[in-house]
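The values are calculated or read from the model by the stated rules, or taken from the named source; none is laboratory data. Treat the numbers as computed from the prediction; the structure is a model and nothing was measured. Quick reminder, even Gly has a Cβ in these numbers, built from the backbone with ideal geometry, and neighbours come from all protein chains shown.
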Amino acid sequence: MPTPLLDRRLLFVTGKGGVGKTTVTAGLALLAAQQGRSTLVCEVDAKGTLAAALECGPLAFTPRPTQPGLMAMAMNTEDSLKEYLSLQLRLPLLARIGPLARTFDFVADAAPGVKEILTVGKLCYEVRERHYDLVVVDAASTGHIVGQLSAPTAINSLVQVGMVRDQTRWMLDILDDPASTGVLVVTSPEEMPVNETIELVTRLRAETKVDVAGVVVNRVLPELFGRGEEAVFDRLRAEGPLAALVDAVGPGVGQVLDAASLAVDLRRTRAEHLERLRAELPADLPLSFVPELFGRQVGLRSTMQVAQALGEELL
Amino acid sequence: MSPARREASTSGSSTEQVVASATTLSAGRIGTIDQLLSAKEIAITCGSGGVGKTTTAAALAVMAAVHHGGRVLVLTVDPAKRLANALGLAAFGNDETEVPLAALAAGAGIRPKGKLVAAMLDTKQSWDDLVRLHAPDATTAQRILANPLYDNITGRFVQSHDYIAMERLYELHSSGRYDLVVVDTPPSRNALDFLDAPARMAEFFGSRLLRWLTMPYRSRLVTFASKPFTQVADRILGSQFLGDIAEFFTLLQSMESGFVTRANEVGRILADRRTTFVVVSTLEASPAHEAAFLIDELGRRSLHLGALVLNKVLPSTLLDPAAQRAAAALDERAEILAAELAPLAGADPAQVGRVLVELARSFHDLRLAAGREAEQRLELGAIPEVTVSVPYLAGDVHDLNGLLAIGSRLWQ
């Protein structure tokens, strides 16, 4: 029996650009906080969208309170390095050595996995120190998540000795334990997001030991017509009924019917992609669904609606 | 009528097109994407992920090949499988493959004027080729290719895709084999990364840090300035890893002049007057925000913003007050209307009533979304002169006819 999602300690949320990864991350973190878990949510690619989803002002490396029980931060690898150095090497002055920071920044750009390890390391550190019940991460998108999660393993094989190698060991203990850590893949029922999700789940299982905890399908359209109703809809569009409708409610009804027809087509296409997703993902992988929120921009209201939808699916 | 057939019957001959577009020209300004592409040699689609950049690039290339003639190349980064199949790109690789436009001719009665060639971006292979090109000798090339850091750097880093996409673009354009090269940009954390990639590459080779890194490891130990770093780095990373890094960068440095010259040329081609940028977005908040930023940034860098393409746009008729009134009436009077309509439609009144209520609800949902999109469009602010909307298409594009249908929307 896999550990329930919110009972884990560290959740990485990934997904293709444009599927609503950040909103789902924020919703999940909010749900955990509402369930009484002390929660930290962290944005890895500092784009500011997490702050928008929580409506809490700009986020920094030092976590700030947003909602009751929910702290939020933005990852910054330079700050992560400074914190690491001051904690591990007990060199408090180091933070002031500008050239060192710049040098490291350069090495971090060029040497593989350094930025990733500083990111994953900070998150694992929060888990190890038990500062929170749960850490939810708005992680790298599908193209880069494998690199991010496999960085400790990669560093382990590249670096034969030294402190980093020692450090990667305890990180791996946290990351590789399915009771502690899970990856959640957010997708939407469209062609490319579904393709990428199927590929990503395969890759995550093959190339990392991190447990794939589930897939969240965002933007699921409501079923428009029940059994037999679509046939009725078609018949209403025939000449006789249509003329009667125009008489009764005005010529604008044509556009209402067109809109319904668009909605039916969209729903059908998305249902096909959803079927493909189900068929090609491992059968034991839980799927959760979040409905399309038609009128909502990114913001606290839609984050709360997502949290509610996730609550109905997960609890 | 199939989309392609509709396209064929509306677009007419190219002479008609030229005449028609000439009349819309004001003071020599470019009024349509059709004109834009006929005037440019490189078109780069950019925007945030999931907005349809790849499909837009492919549709533009198909249209240019069909209507303008000549040899058109589309360089795609990560096409959906069926789109790749439609373009004849079955396997990954840098090979340039001719797209069988004859299939269009047979299906839709269109006579393509030119040839379309498609290529996919293979980052790894492109890097290997570059190393072989710039390395002073075959042995050095081999040593670089075999270095464990090389694999990691070229394979893993987002920036490496950005640079390679621009590098391939340069190579294909300067080969002189194509009249137009349409290129899709890789998904990146920041939509601007690809613009900065050539300069960053040149900067990287010219930096003091690279020289510092490539100093023999031992002599570095005694350099006073570098002492704190070396000590710390040694404790953190271990000397063997630092040694690997130093060796790798020493090898890389042997390619400096070749790489820097090339990166500068690649940078120049982006600013060339024959190059244009097509910003692609949807009217959702975060892609639109990214598009607005990109538009500003292109302006700031004096790069040519050719057009803005808005994809998946909901029909504006959703905002029609008459439609809204009709929907409200359907909802309020569902029961009465159902009794009246049921015999006409030959259906159960209760069922008709439910359908009418659903129609109203569905309209309401989509109208909310359309209203949000209209707001978003206003927020885009200073949008370029050539702005095209492509409607929300229910199906995905997976064949040439589909690309042509989208292309004909873009052409208007």
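Things to note:
- On inspection, residue A:90 does not qualify as modelled with pLDDT of 80 or more and outside any helix (DSSP H, G or I).
- Of residues in the stretch A:142-162 being among the β-branched types (Val, Ile, Thr) and modelled with pLDDT of 85 or more, the one surrounded by the fewest Cβ atoms within 10 Å (Cβ to Cβ): A:146
- Within the stretch A:183-235, the set of residues being closer than 16 Å to residue A:263 by Cα, more than 25 Å from the chain's Cα centre (by Cα) and not in a loop (DSSP other than H, G, I, E, B) comprises A:229, A:230, A:231, A:232, A:233, A:234.
- For the stretch A:265-277, a residue qualifies if it is at pLDDT 90 or above and among the aliphatic types (A, V, I, L, M), and the qualifying residues are A:271, A:274, A:277.
- Among residues of the stretch A:291-310, those that are modelled with pLDDT of 95 or more, among the hydrophobic types (A, V, I, L, M, F, W, C) and buried (at least 20 other Cβ atoms within 10 Å of the Cβ), counted: 4
- Residue check: residue B:39 meets all listed conditions (1) at pLDDT 90 or above; (2) over 30 Å from residue B:151 (Cα atoms); (3) surrounded by 15 or more Cβ atoms within 10 Å (Cβ to Cβ) but one, namely (3).
- Residue A:31 vs. criteria free of Cβ contacts under 8 Å to residues at least 24 places away in the same chain, crowded, with 18+ Cβ neighbours inside 10 Å, more than 13 Å from every other protein chain (Cβ to nearest Cβ) and aliphatic (A, V, I, L, M): no
- Test: residue in the stretch A:120-134 that is at pLDDT below 60 and over 22 Å from the mean Cα position of the chain (by Cα): no
- Matching residues, the stretch A:246-256, being more than 7 Å from every other protein chain (Cβ to nearest Cβ) and either closer than 13 Å to residue B:358 by Cα or among the aliphatic types (A, V, I, L, M) (or both): A:246
- A residue that is part of a helix (DSSP H, G or I) and modelled with pLDDT under 95 cannot be found anywhere in the stretch B:381-399.
- Subset of the stretch A:257-285 that is in a loop (DSSP other than H, G, I, E, B) and exposed (fewer than 15 other Cβ atoms within 10 Å of the Cβ) - its residue that is farthest from the other protein chains (Cβ to nearest Cβ): A:284
- Taken over the stretch B:56-96, the criterion of being more than 18 Å from residue B:161 (Cβ to Cβ), within 14 Å of another protein chain (Cβ to nearest Cβ) and either modelled with pLDDT of 85 or more or part of a strand (DSSP E or B) (or both) is satisfied by B:56, B:58.
Yes or no, residue by residue, for (1) of a type in the set (S, T, N, Q); (2) under 29 Å from residue B:283 (Cα atoms); (3) facing chain A (nearest Cβ under 10 Å):
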{"residue": "B:341", "(1), (2), (3)": "no, no, yes"}
{"residue": "B:348", "(1), (2), (3)": "no, no, yes"}
{"residue": "B:355", "(1), (2), (3)": "no, no, yes"}
{"residue": "B:365", "(1), (2), (3)": "no, yes, yes"}
{"residue": "B:385", "(1), (2), (3)": "no, yes, no"}
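- Subset of the stretch A:45-71 (residues that are touching a residue at least 40 places away in the same chain (Cβ under 8 Å) and not in a helix (DSSP H, G or I)): A:45, A:55, A:70, A:71
- Yes/no for residue B:295 being in contact (Cβ under 8 Å) with a residue 24 or more places away in the chain and either among the aliphatic types (A, V, I, L, M) or touching a Gly at 6+ places or on another chain (Cβ under 7 Å) (or both): yes
- Entirely in the stretch B:213-291, the helices (runs of 4 or more DSSP H) that have 2 or more residues that are in contact with a Phe, Trp or Tyr (Cβ under 8 Å, 6 or more places away or on another chain), surrounded by fewer than 19 Cβ atoms within 10 Å (Cβ to Cβ) and at pLDDT below 75: B:239-253
- Residue satisfying all of: in the stretch B:129-181; aromatic (Phe, Trp, Tyr) and over 30 Å from residue B:64 (Cα atoms); modelled with the lowest pLDDT among these: B:157
- Test for residue B:352: is it touching a helix residue (DSSP H, G or I) at 6+ places or on another chain (Cβ under 7 Å) and in contact (Cβ under 8 Å) with a residue 60 or more places away in the chain: no
- Single match in A:206, A:213 (criterion: in contact with a strand residue (DSSP E or B) (Cβ under 9 Å, 6 or more places away or on another chain) and more than 9 Å from every other protein chain (Cβ to nearest Cβ)): A:213
- Whichever residue in the stretch B:295-350 is in contact with a Phe, Trp or Tyr (Cβ under 8 Å, 6 or more places away or on another chain) and over 23 Å from residue A:236 (Cβ atoms) and, among such residues, is surrounded by the fewest Cβ atoms within 10 Å (Cβ to Cβ): B:303
- For residue A:242: the one exception among (1) part of a helix (DSSP H, G or I); (2) farther than 26 Å from residue B:336 by Cα: (2)
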